[in-house]
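Handing you a structure now.
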Amino acid sequence: MNDGIFLTKLMFDTFNKYQLLEDVTLDIEFQNRDKLKINGFQTINTDKLSSLNGEALEELNKSGFLQAAYFIVASMSNVRKLIDLKNRKLLSGEN
């Protein structure tokens, strides 16, 4: 467990080194007009990631953090899928 904590800190320190992290606020409105605002999330800025030089990309790749960065980017599409799933449940009368 301590190894995981150390690696996570190292990964986020590396992302910060290259200014890849950006804050995200989720403003969600469901089909039933309920609203939800979620603060405190961060994601990878894809513009900054794609503009990194070779040396930075090599560092991220060798550490395994480049793959993690792309997983973080990809996970944001899952948020939309979860919202759509909740909306389908609301439309069918489920909570």
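Can you tell me which of (1) at pLDDT 95 or above; (2) closer than 23 Å to residue 83 by Cβ; (3) touching a strand residue (DSSP E or B) at 6+ places or on another chain (Cβ under 8 Å) is the one residue 46 doesn't meet?
Residue 46 satisfies all of (1) at pLDDT 95 or above; (2) closer than 23 Å to residue 83 by Cβ; (3) touching a strand residue (DSSP E or B) at 6+ places or on another chain (Cβ under 8 Å) except (3).
What pairs can you find where one residue is in the range 18-32 and closer than 11 Å to residue 86 by Cα and of a type outside the set (Asp, Glu), the other is modelled with pLDDT under 90 and surrounded by fewer than 13 Cβ atoms within 10 Å (Cβ to Cβ), and their Cβ atoms are less than 7 Å apart, with a gap of 6+ or different chains?
So the pair list comes out as 31/91.
Report whether or not residue 83 is touching a residue at least 12 places away in the same chain (Cβ under 8 Å), within 15 Å of residue 16 (Cα to Cα) and of a type in the set (Val, Ile, Thr).
Considered against the rule, which asks whether it is touching a residue at least 12 places away in the same chain (Cβ under 8 Å), within 15 Å of residue 16 (Cα to Cα) and of a type in the set (Val, Ile, Thr), residue 83 comes out as no.
What number of residues in the range 33-63 are more than 16 Å from residue 22 (Cβ to Cβ), among the small types (Gly, Ala, Ser) and free of Cβ contacts under 8 Å to residues at least 24 places away in the same chain?
Final tally of qualifying residues: 1.
The values are calculated or read from the model by the stated rules, or taken from the named source; none is laboratory data. Please read all numbers here as calculations on a predicted model, not as lab measurements. Note that each Cβ is placed from the backbone with ideal geometry, even for glycine, and that neighbours are counted across all protein chains shown.
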